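Just below is one structure, and these are the notes that go with it.
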Amino acid sequence: MALASLAMALAGCGPGRPLSETGPVPPAVEPPASAEIDAAMRRGIAFLIAHQNADGSWGSARNTKGLNVYAPVPGAHTAFRAGVSALAVMALCETLDRTAPDQSAAARSALARGEEYLLANLPGVRRCAPDALYNVWSHAYGIRALVRMARRSDDPHRRERIRKLIASQVDMLARFESVSGGWGYYDFGYSMQKPGMKAMPFTTATSLIALDEARRFGVDVPQRLIDRGLGHLRRTRNPDGSFCYSEMHVYRPGRTINRPSGSLGRSQACNLAMRTWGDAAITDAVLEAWLNRLWAREGWLSRARKMPVPHESFCSISGYFYYYGIFYAGGCIEQLPPERRPWHQAHLARILLDLQETDGSWWDYPLYDYHKGWGTAMAMMALKDCQVSIDN
């Protein structure tokens, strides 16, 4: 009995608590100083400014390696570049007030050029091949970037132009929804016009969060898309709060990629999507349990960072799970009551500050020349709110 009680205490659980509200709790960390966070943010902004392409985009098909991710040309790279550029625009929109005095003008110029790139190029992003749907990432992150662009504009004509483009991106997500609900980015089955392969919860969560922002901005979003997407997330969710990698995995929940260790990053996005759309299963306790699990087990997820082969690490974790999970963890923290945030933001900030590269970027998986753009943008958006709560 004594050993059982000790095991429960160490696991952060107790009698009668749902499995999804239990898990490891990390030791406290010293909150970083405001000056340290400011300096990191400005290095990240400087990186985005310095590495913007001449046409206003970020990323390219250059910088290949021996093993490249399947990317049918030219459509895959059109989608990759649009998605990464949308994330960079989001990050600059959210961090302009963090710029140093001598970089403010350059940051605003980079943002303006990035906005024009999205306005000109998002309408042309399409499915790149019958079996590859990387465009869904572009549509989802494009929506979120466009919402931020519209909110910072005082020009009613520009806002209306952006609103119409958001509506078109919502329509594209509707077109490429899986026949069983939700979204994925491959269709290795029958390759039909409507994707026939089972969806993936992380792609679905990404899309649902974007659709919430579109609806809040006033764009019509079919309720059927939301209901079917949430249905997919519920079907892939395990009692402990982990999410299977794909709906094809629901009958194999014991595979390591489907267990908590394999779902560390994925659960952050899925919890946020379900919480955003009002699912009562995602309580504050669930959010905190999975945030604490991420801080306590971050080293496990981090082992995959910079490995060149997808799913190469333990539990079939890919390097690109890392900053994706960190980014959505920041969103989960914002769902908590203000008094519960500082503990988590101190952990989040400490992790990101320690991982920033010497050139000011953050990256986790070598994908052509896109990885530093998405990693830096996601890290900056996760880090930006930490200073406020830590200071308070």
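The values are calculated or read from the model by the stated rules, or taken from the named source; none is laboratory data. Model, not experiment: these values are computed from the prediction. All Cβ positions, glycine included, derive from the backbone under ideal geometry; neighbour counts span all protein chains shown.
For GLY231, state whether it is outside any helix (DSSP H, G or I) and either more than 23 Å from GLU21 (Cα to Cα) or not acidic (Asp, Glu) (or both). Reasoning before the result, please.
On the way: outside any helix (DSSP H, G or I): no; either more than 23 Å from GLU21 (Cα to Cα) or not acidic (Asp, Glu) (or both): yes.
So GLY231 does not fit the description; no.
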*asked:* Which condition from (1) buried (at least 18 other Cβ atoms within 10 Å of the Cβ); (2) under 24 Å from GLY262 (Cα atoms); (3) more than 13 Å from the chain's Cα centre (by Cα) is the one that ASP369 breaks?
replied: (2)
*Kindly establish whether SER267 is buried (at least 23 other Cβ atoms within 10 Å of the Cβ) and of a type outside the set (Phe, Trp, Tyr).*
yes
*asked:* What's the number of the only condition in (1) surrounded by 23 or more Cβ atoms within 10 Å (Cβ to Cβ); (2) more than 18 Å from the chain's Cα centre (by Cα); (3) of a type outside the set (Asp, Glu) that GLN345 fails to meet?
replied: (2)
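Only one of LEU291, LEU272 is touching a residue at least 40 places away in the same chain (Cβ under 8 Å) and under 23 Å from ARG215 (Cα atoms); which?
Answer to the check: LEU272.
Please verify whether the range 147-165 includes one or more residues that are modelled with pLDDT of 95 or more, under 14 Å from VAL136 (Cα atoms), out of contact with any strand residue (DSSP E or B) (no Cβ under 7 Å at 6 or more places or on another chain) and among the hydrophobic types (A, V, I, L, M, F, W, C).
Taking the range 147-165 as the starting set, the residues that turn out to be modelled with pLDDT of 95 or more are 147-165.
Checking the rest, the ones that are also under 14 Å from VAL136 (Cα atoms) come to none.
No, there is no match, as no residue in the range 147-165 is modelled with pLDDT of 95 or more, under 14 Å from VAL136 (Cα atoms), out of contact with any strand residue (DSSP E or B) (no Cβ under 7 Å at 6 or more places or on another chain) and among the hydrophobic types (A, V, I, L, M, F, W, C).
So that you can scan it fast, the table gives a plain yes or no per residue for (1) under 30 Å from GLY241 (Cβ atoms); (2) aliphatic (A, V, I, L, M); (3) at pLDDT 95 or above; (4) in contact with an Asp or Glu (Cβ under 7 Å, 6 or more places away or on another chain):
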{"residue": "GLY12", "(1), (2), (3), (4)": "yes, no, no, no"}
{"residue": "ASN53", "(1), (2), (3), (4)": "no, no, yes, no"}
{"residue": "GLY56", "(1), (2), (3), (4)": "no, no, yes, yes"}
{"residue": "VAL89", "(1), (2), (3), (4)": "no, yes, yes, yes"}
*Of all the residues that make up the range 162-213, how many are within 15 Å of the chain's Cα centre (by Cα), of a type in the set (A, V, I, L, M) and in a helix (DSSP H, G or I)?*
5
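Being among the aliphatic types (A, V, I, L, M), under 18 Å from THR95 (Cα atoms) and touching a Phe, Trp or Tyr at 6+ places or on another chain (Cβ under 7 Å) is the filter here, so list the residues in the range 49-84 that pass it.
Matches in the range 49-84: VAL84 only.
Based on this model, can you work out whether GLN387 counts as surrounded by 23 or more Cβ atoms within 10 Å (Cβ to Cβ) and part of a helix (DSSP H, G or I)? Steps first, please.
Numbers: surrounded by 23 or more Cβ atoms within 10 Å (Cβ to Cβ): no; part of a helix (DSSP H, G or I): yes.
Taking the combined requirement at face value, the residue does not satisfy it.
Identify all residues within the range 307-331 that are part of a helix (DSSP H, G or I) and over 18 Å from LEU352 (Cα atoms); write none if there are none.
Initially, the range 307-331 is screened for residues part of a helix (DSSP H, G or I), giving 314-316, 319-331.
Answer for the range 307-331, where residues must be part of a helix (DSSP H, G or I) and over 18 Å from LEU352 (Cα atoms): PHE314, CYS315, SER316.
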*Taking interchain pairs and intrachain pairs at least six residues apart, which have beta carbon atoms under 6 angstrom, with the first residue in the range 134-155 and touching a residue at least 24 places away in the same chain (Cβ under 8 Å) and part of a helix (DSSP H, G or I) and the second of a type in the set (Ser, Thr, Tyr) and buried (at least 24 other Cβ atoms within 10 Å of the Cβ)?*
ALA140/THR206; ALA140/SER207
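Any residue that is part of a helix (DSSP H, G or I), modelled with pLDDT of 95 or more, out of contact with any strand residue (DSSP E or B) (no Cβ under 9 Å at 6 or more places or on another chain) and farther than 26 Å from GLU21 by Cα - is there at least one of those in the range 341-353? First the steps, then the outcome.
From the range 341-353, those part of a helix (DSSP H, G or I) are 341-353; that's our starting set.
If we keep only those that are modelled with pLDDT of 95 or more as well, we get 341-353.
With the extra rule that they be out of contact with any strand residue (DSSP E or B) (no Cβ under 9 Å at 6 or more places or on another chain), the set shrinks to 341-353.
Cutting the leftovers down to farther than 26 Å from GLU21 by Cα gives us 353.
Yes, some residue in the range 341-353 is part of a helix (DSSP H, G or I), modelled with pLDDT of 95 or more, out of contact with any strand residue (DSSP E or B) (no Cβ under 9 Å at 6 or more places or on another chain) and farther than 26 Å from GLU21 by Cα.
Of the residues that sit in the range 95-107 and are in contact (Cβ under 8 Å) with a residue 24 or more places away in the chain and out of contact with any Asp or Glu (no Cβ under 9 Å at 6 or more places or on another chain), which one is farthest from ARG144 (Cα to Cα)? Break it down into steps so the answer makes sense when it comes.
Taking the range 95-107 first, the residues in contact (Cβ under 8 Å) with a residue 24 or more places away in the chain are 95, 98-100, 103, 106-107.
Now restrict to residues that are out of contact with any Asp or Glu (no Cβ under 9 Å at 6 or more places or on another chain): 95, 99, 103, 106-107.
Values: THR95: 15, THR99: 22, GLN103: 25, ALA106: 23, ALA107: 19 Å.
Here the residue is GLN103.
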*In this structure, is ALA289 surrounded by 24 or more Cβ atoms within 10 Å (Cβ to Cβ) and either over 17 Å from the mean Cα position of the chain (by Cα) or assigned to a helix (DSSP H, G or I) (or both)?*
yes
*Of the conditions (1) charged (D, E, K, R); (2) out of contact with any Ser or Thr (no Cβ under 9 Å at 6 or more places or on another chain); (3) over 19 Å from ASN135 (Cα atoms); (4) assigned to a helix (DSSP H, G or I), ASP220 fails just one. Which one is it?*
(4)
*Evaluate the following for ARG62: is it loosely packed, with under 14 Cβ neighbours inside 10 Å and touching an Asp or Glu at 6+ places or on another chain (Cβ under 8 Å)?*
yes
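Looking only at the range 292-306, count how many residues are outside any helix (DSSP H, G or I), small (Gly, Ala, Ser) and touching a Leu at 6+ places or on another chain (Cβ under 9 Å).
Let us first name the residues in the range 292-306 that are outside any helix (DSSP H, G or I), namely 303-306.
Narrowing the set further to residues that are small (Gly, Ala, Ser) leaves 304.
Remaining after also requiring touching a Leu at 6+ places or on another chain (Cβ under 9 Å): none.
So the count comes out to 0.
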